[in-house]
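Chemist: My questions all concern the structure below.
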Amino acid sequence: MIAASGEGGGFHPPSIAEFFPAAFAFEGTPFEMNRIILVRLVATAVLVALFVVAARRAQLVPGRGQNVAEMALDFVRVNIAQETMGHNAKRFLPMLTTIFFAVLAMNLTGVVPLLNIASTSLIGMPLVLAAWVYVMYLAVGIKKFGLGGYLKNNLLPPGLPPVLYVLVTPIEALQVFVFRPATLALRLTANMIAGHLILVLCFGATHFFLFEAGGALKAAAALSLTAGVAFTLFEVLVAGLQAYIFTLLAAVYLNMAVEEEH
Amino acid sequence: MRILDAAALLAAEPGEEVKGVNLLIPADYDILWSIVVAVIIGFAFYRLVLPKFTAVLDERTEKIEGGIAKAENAQAEAAAALAEYHSQLAEARAEAARIREDARAEGGAIVAELRSKASDDAARILENAQRQIEAERQQASVALRAEVGALATELASRIVGEALADSARQSRVIDRFLDELEATTVESGAASASRES
């Protein structure tokens, strides 16, 4: 990729600056808003509106919209919560449902025209959700087993020769206290960032090939456009998949905290 | 557009290259707005969406279970009604058979009664007729006896003259004559008797 010099011309490779757009309100305060924050708010508004309207209209005999809403809710309830947590599912279902649909909605903004960026590609949102999961699984674990019991359960897994605890305990501690929440947040953000960069690359290249490159290179626009469409569809898949993985792991972590045996 | 925005940002702050690590370090506004939307979405699902859908699902389950129970009840009722119908039908059949039997027996009794009554009547009529015939025969016999006596007396008196004018003797003679006559008649058998009747 050769970046042509000069104002307004040439090919701009996507950069991480994509994720730091200019603020347009409350700049310099904690309430600063930029384009991605706005997208996040739009996604939230649409998500909440859809589900609240569906809930308001919910009837005993479901219509089309209600069927779709129930299928979506059932996916979280049955395929994530119940399959992972069994009898613990009901207790954490609202949390898991919130996380799943929040992540899904904000992932999907990455492929929605005009929004064009996943609002989970800013680390804040995944971090807040991961922190919620983190605090929650620590809280329910400690509440159930007491602080000592919880630490013993997690840091001193039974059935090992004592000498191995020298090795296992630090690893387990890192797992429980650092890696689980960190990987939750990073996996989601990194996926969304990568997806966005790929889409920008494809469509930016198409634009460049079509309007600025000469001769035979124009034909390459077809290739890059095709790739862009394909990656857009792929990003839809990734959006769903990452929402599923995030929620599934949250369910697994919560379940590990409250289960007697690991 | 975003590319241009970013370029503008970079242009606006020359020399300050955005570092990659910044992607992993949340800005304060990022955290704040994340919490805001998380709370909004959480509130919606915790308070509005899930309770409503749970209620609807529970109600639906209840309705379906109620419907199934109702159907089972209806089926049981139908079976009971059928059984009752069958028993009533059997009862009615038995009743009909009984009535038919009664009617037959009664009819037989009536016929027998009528028959006996008829035969009684016939016997009575026969007896009356015989009695009447007997009476008439005796009447005829008495009349005949008197007449024959008178005729014979007259005949005899004409034949033997006045000798037999004494009535007592006359009567004795006639009776003797008739007794003899009757005896010969009885002897002559049932043929003459049947001819009389």
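Chemist: Looking at region A:226-262 only, could you name the residues that are over 21 Å from A:Ala194 (Cα atoms) and β-branched (Val, Ile, Thr)?
Modeler: Once the filter is applied, which keeps residues that are over 21 Å from A:Ala194 (Cα atoms) and β-branched (Val, Ile, Thr), region A:226-262 yields A:Val252, A:Val258.
Chemist: Same structure, new question: A:Leu115 versus (1) open to solvent by 60 Å² or more (accessible area, probe 1.4 Å); (2) not in a helix (DSSP H, G or I): which is the lone unmet condition?
Modeler: Answer for A:Leu115: the failing condition is (1).
Chemist: Of all residues in region A:73-93, how many are within 12 Å of chain B (Cβ to nearest Cβ) and open to solvent by 30 Å² or more (accessible area, probe 1.4 Å)?
Modeler: 4
Chemist: Also, I was wondering about something else. Looking at A:Phe211, A:Phe203, can you tell me which residue is over 29 Å from the mean Cα position of the chain (by Cα) and of a type in the set (A, V, I, L, M, F, W, C)?
Modeler: Residue meeting the stated conditions: A:Phe211.
Chemist: I'd like to verify a number: residues in region A:33-76 that are within 25 Å of A:Lys90 (Cβ to Cβ) and among the polar types (S, T, N, Q), how many?
Modeler: Summing the residues that are within 25 Å of A:Lys90 (Cβ to Cβ) and among the polar types (S, T, N, Q) in region A:33-76 gives 3.
Chemist: Now, a different point. Residue by residue through region A:95-112, note down the ones that are free of Cβ contacts under 8 Å to residues at least 60 places away in the same chain and open to solvent by 30 Å² or more (accessible area, probe 1.4 Å).
Modeler: Residue satisfying the conditions is A:Val112 alone.
Chemist: Residue by residue through region A:18-64, note down the ones that are open to solvent by 70 Å² or more (accessible area, probe 1.4 Å), under 23 Å from the mean Cα position of the chain (by Cα) and either within 9 Å of chain B (Cβ to nearest Cβ) or in contact (Cβ under 8 Å) with a residue 60 or more places away in the chain (or both).
Modeler: A:Phe31
Chemist: Go through region B:17-56 residue by residue and tally those that are part of a helix (DSSP H, G or I) and either more than 7 Å from chain A (Cβ to nearest Cβ) or open to solvent by 40 Å² or more (accessible area, probe 1.4 Å) (or both).
Modeler: 19
The values are calculated or read from the model by the stated rules, or taken from the named source; none is laboratory data. Source: prediction; values computed, not measured. Backbone-built Cβ (ideal geometry, glycine too); neighbour counts: all protein chains shown. Calculation scope for accessible area: heavy atoms of the full protein, side chains included, ligands and nucleic acids excluded. Shrake-Rupley method; radii C 1.70, N 1.55, O 1.52, S 1.80 Å.
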